[in-house]
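What follows is a short report on a single structure.
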Amino acid sequence: MRKEVALLASEAKEYFLMHKNIRVCLMQISDEGILSNVRRNEAAAAHFPLGGQMNNMRFHDWWRDRAIPKSRHGAKTALQRLGYSSTSNALVNNLALSLSDCYWIMPRGESLTWEDANLFTNDFVDTFGDITLNRDHMIDLRKETRFNCATSQGELQKKWCIAKDGRRYMIKGNYGSSYQQSLNEIFASSLHEAQNWKQYTPYYPAKVQVDGNREGLGCMCYDFCSENIESISAWELLQTVKTRQNESLYYPLRDVCLKLGMSEKTFTDFMDYQIMTDYLLSNTDRHMNNISVLRNPDTLEILGFTPIYDSGNSMFYNVPYDQLNFVRFDSIQTHSFIEKEVRLLQYVQNRNLFDPEKADLDFSIYKEDVTENQIRIPKLRELYLRKLEKLRIFQNGKDIWKTQGHR
Ligand SMILES: Nc1ncnc2c1ncn2[C@@H]1O[C@H](COP(=O)(O)OP(=O)(O)O)[C@@H](O)[C@H]1O
Ligand SMILES: [Mg+2]
C-alpha cells in the first residue's frame, strides 16, 4: 500500500504545452519538472517553441530555461481555482505562464482556456495600487513590495506587478548593497531618450523595501509584451540552427532573423545602435538573453527587435571606487558576440546611427546610490566622457580596436 502511494506521488502528470489556445504537444512532467514522452502535434508545428523545433534535446533545454518562471507569483489564483495545493514546483504551479510570451501548460483533462489563465488580462497576486509615473518623481513602492536585497542566485530579484490602469510592470532589484544596477537602467534610458531612439524600454526609479525593513532603490519598466506581442530571445532563435563552438553568434543570429522575415536594415540598424550605445555605457552583459525579437503569437510574424532592455551591468558597476582610475578600455570583457568590448564595434556598418552631440547626460541620478555616491560620480563621468571621445574617433573613420595600447 505504502509503495503504491509513493509510486503515485512520483508519477509524472500529463500536460499539454499550449500556445494561447493551440495545443502544440502533449508531454509528461515529473514532480521535479523533468519532461518525458513528448508527443508533438504536427498540425500545429509552426506554433511549437522555436527553441525546441530542431529536436527534443533542444526542447528540453527550452523547457529548463523556462524553469525559473518569469513571474513566480503568477498563476496562483488560477491554480487555486483548479484546486492545486503544492507550492514546491514553481514552474508547474505557475502553469509555466509568463508575461513575456504566450506559452503555458494545461493539465490534461482540464478545460482551462488561455482567456482563463493568461497573466496579461487576469489578475495575479501581486496586484498593487495606483502609480502615477513621472520621470522626475520616484515611485514609492515600499508598501507594495518587499525585496530580499542580496541574492546568491544568478539573477537579480524581479517582481511583476499590476498598476491600477491594468498595465503590467516589472520591478528589478540589485545585487549586494549598491543600487548602481538599477540606476544604470535609468541612466541608459536617459541616453536613448537624448538620442531620440525609439526602440528602448524606459526604466524608472522605484523605492522598494529591502532586507531588514530598510528603504531601498530598484527600478521598474512596463511589460513590452501583451496578448498580441510576445518576445523571443536571441538565445532561443539560435537554437534553430547549428553553431560552432567559439564562433561569434552575430552572423548566425542575423541569418536566423532574416530567415524569419526581418529586413537586413532592421537587423543592422538596431545592432549598430545597440553596440555603439553599449560601448559608451560599458555594458558588458549583452548576452543572447538580453537581445530579443517580438512576434505576433497569432500570425507568427516577426515584428522587429524587442526595445533595448537590461543595461544594468554597465558603467563599471562592479569596479570598486579605488580601481576606477585603472580601468583600461582595451581589456574590458563582455558577454556578447565576442569577448573584447572594443572589437564589437567591428560589426557596426552605419557609424552615424549614434549622435555624440546628444550624449551629454545628467549624472545626478547616481546620487541616489547609498555607497560611495559622491566620490564615485565624477569618476564615472570621466570614464563616460573618455568613452564618448573614443566613439567620436571611431565615427571619424578610425578602427579603434586596431590601435595599439588603446586605453
Ligand atoms: N519589460 C519587459 N517586458 C516583458 N518581458 C521582460 C521585460 N523586461 C525583461 N523581460 C524578460 O525577463 C527577462 C529578465 O529580465 P532582465 O531585465 O534581462 O533581467 P536580468 O537583469 O535578471 O537579466 C528578460 O530576458 C526578458 O525575457
Ligand atoms: Mg537579462
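Just so it is clear, none of the values below were taken in a lab; they were calculated from the coordinates. Computed from a predicted structure; not experimentally measured. Every residue, glycine among them, receives a Cβ derived from its backbone with ideal geometry; neighbour counts consider all protein chains shown.
Here, region 230-396 is characterised by an Rg to Rh ratio of 1.00, where Rg is the alpha-carbon radius of gyration and Rh the Kirkwood radius.
Quick note on region 307-347: its Rg to Rh ratio, both from C-alpha atoms and Rh being the Kirkwood radius, is 1.00.
Working from Cα pairs under 8 Å separated by at least six residues, relative contact order for region 231-315 is 36 percent. Straight-distance candidates among the aspartates and glutamates for linking to LYS390, with alpha-carbon spacing under 12 Å and chain neighbours fewer than 8 residues away dropped: ASP330, ASP399. The calculated FRET efficiency for SER177 paired with ARG64, based on their beta-carbon distance and R0 = 30 Å, is about 0.40.
Tell me, what is the FRET efficiency for ASP355 and TYR251 to the nearest 0.05, using R0 = 30 angstrom and their Cβ-Cβ distance as r? Result of the calculation: an efficiency of 0.65. Dipole of region 230-396 computed with +1 at Lys/Arg Cβ and -1 at Asp/Glu Cβ about the Cα centre; of ASN325, HIS287, THR240, farthest Cα towards the positive end is ASN325. Put simply, when 181-191, 375-385 are sorted by average Cβ atoms within 10 angstrom per residue, most first, you get 181-191, 375-385. What is the sum of charges, Lys and Arg at +1 and Asp and Glu at -1, for the other residues whose Cβ falls under 13 Å from the Cβ of ARG39? Net local charge, ARG39 excluded: +1. Per-residue packing, averaged as other Cβ atoms within 10 Å, sorts the ranges 241-248, 29-36 into the order 29-36, 241-248, beginning with the highest.
Residue pairs exceeding 20 angstrom between C-alpha atoms, taken from LYS358/LYS387; LYS172/LYS207; LYS242/LYS402: LYS242/LYS402. Ordering 111-119, 303-311 by mean Cβ neighbour count within 10 Å, with the highest value first, yields 303-311, 111-119.
Annotation: amide H-H contacts under 5 Å for ILE105 (H modelled 1.01 Å from N, sequence separation of 5 or more, or interchain): MET18, ALA96, LEU97.
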